[in-house]
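Notes follow once the structure below has been shown.
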Amino acid sequence: QRRQGRRRPVKISEFSVTNPQFTLIAFLCLAMLGITAFLNMPRTEDPYFPSPNFGVIAVYPGAEPSQLEREVVDVLEEEISELTELKRLQSFVNANVAYLDVEFESGIDPDDKENELRRQVDAARSRLPEGVTTVDVEHWDSADVSVLQFALVVGDTPWEVVDTEAERVVRRIKGVAGVRDAKAWGIPEQQVRVDLELGRLGRIGVPPAQVIGALQGGNASIPGGEIEIGERRFNVQTTGAFESLAELEASVVGGAAGSVVQLRDVANVRFADAPERVRARFQGTRVALISVTSHGDSNVFSVRDGVLAAVAELAPTLANGMKLELVFDQSRNVQRRLGGLQKDFLIAIVLVLVTLVPLGLRASLVVMVSIPMSLAIGMATLSWLGYSLNQLSIVGFVIALGLLVDDSIVVAENIARWMRTGA
């Protein structure tokens, strides 16, 4: 070897056999890394993939599709198309609503692109018609899946009380570590109803259109310019938004016979429920639903424990005897899949033991050690790369476990065959 000027490469197997102490310590370290990774890895039902997909929704009441495309969609597309790494931009237009599907190249940071997209949409707002009521940016994310869902059993409690209690529950749940968002569903929105008395309006001589105009003008906040005092500048804005039902009732809608006409004189003003678009029922009982989503890298079991503790703390304080019932728990599915992995692992150990016993106890023990060691290395690698233990990674482990058992049996039998021939 010295005459040739180079050394023979050392094989991993040869190095491991000639250095048993180092090999044993390395195996123990790998085993500890795998056990630590298995205990600390996030557990979720589905893997989390940061998705650079967004939707821009523009609402223009009363506009035809052609008008929407000309006055809204073209303006938004012009601004959005200036963004870099844009993969696809598609528009869908119906009466009153336009939807833009925006997709960027994979591998980018979705949060950065969301901020850039919102800036471009904000820049386009000044060029949109005044009739456009809303322009929203939605981020479609694989983490937008409920991990827990509760039913707030309300019985005959008025919806305004239910709304207050549901918001209190939602605020408490949002404070739990790992919770991304919590929302209440199935609660009709509260609105102020103004029922005009047309007979009284006719006698006073105030047309309904005048009442509507007075209410619209009184519920608007209009910038009033700026005032400069010395070196200081102040913004002036008229604050006309109604803050209470009494203030709305006292608003002036006209005049008659030397006196003013207030809204309470010609209308019945009251709080009322908006028309129900969603009806939620749990075991035939009227309920409001509260859904909980978690961050993509959170442990579903930790989130569940934290939320359940918060709900148990809130339950005794709910008004009118309302109570919270757990109707969906994603961690149960995750626990079932983890149980399936453990069951397959035990089956593999038994299968190896039964198959390799004729080759000797030593061969069986070596293969039995290699199976959990390989799983430990896989767990440590997944944890190091930042992945969670989910249904796809569990399926991968099960498939790899089957291949590992087959290959171990074949290798052990081949070694025994060589030893029988004198090697």
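A few points about this structure:
- Solvent-accessible area of Phe301 with every protein chain in place, 1.4 Å probe, in Å² to the nearest 10: 30
- Span-rule helices in the chain, defined as complete DSSP H runs reaching 20 Å or more along the axis (Cα) with Kyte mean at least 0.5: 20-40, 300-314, 330-356, 361-385, 391-420
- Annotation: lysines with alpha-carbon distance below 18 angstrom to Lys174 (same-chain offsets under eight excluded): Lys183.
- Ranking Leu198, Ala416, Ser106 by how far each Cα lies toward the positive end of the dipole of the chain (charges on Cβ) leaves Ala416 at the top.
- Average accessible area per residue (Å²) across the chain - probe 1.4 Å, nucleic acids and ligands excluded: 61
- Surface share of carbon and sulfur [accessible, 1.4 angstrom probe, percent] for the chain: 56
- Here the dipole of region 1-138 is about 2100 debye; that uses its Cα centre as origin and unit charges on the Cβ of Lys and Arg (positive) and Asp and Glu (negative).
- Dipole of the chain, positive end: most advanced residue of Asn333, Ile173, Phe38 [Cβ charges, Cα centre]: Phe38
- For the chain, the residue among Ile394, Gln262, Thr133 whose Cα projects farthest onto the positive side of the dipole built from Cβ charges is Ile394.
- Prolate/oblate/rounded call for region 35-158, Cα gyration tensor, a/c under 1.5 rounded: oblate
- Overall, region 268-423 carries a charge dipole of about 360 debye about its Cα centre when +1 sits on the Cβ of Lys and Arg and -1 on the Cβ of Asp and Glu, all other atoms neutral.
- With contacts taken as Cα pairs under 8 Å and at least 6 residues apart, the chain reaches a relative contact order of 23 percent.
- Inter-part distance where region 123-177 and region 192-214 are each reduced to a Cα centre, Å: 35
- Listed by chain and number, the lysines whose alpha-carbon sits under 22 Å from that of Lys113, ignoring those within fewer than 8 places in the same chain, are Lys87.
- Here the chain is assigned +1 on the Cβ of each Lys and Arg and -1 on the Cβ of each Asp and Glu. Its dipole about the Cα centre then comes out at about 2780 debye.
The values are calculated or read from the model by the stated rules, or taken from the named source; none is laboratory data. Model, not experiment: these values are computed from the prediction. Here Cβ is always computed from backbone atoms with ideal geometry, including for glycine, and neighbour counts include all displayed protein chains. Heavy atoms of the whole protein, side chains included, go into the accessibility calculation; ligands, DNA and RNA do not. Shrake-Rupley method; radii C 1.70, N 1.55, O 1.52, S 1.80 Å.
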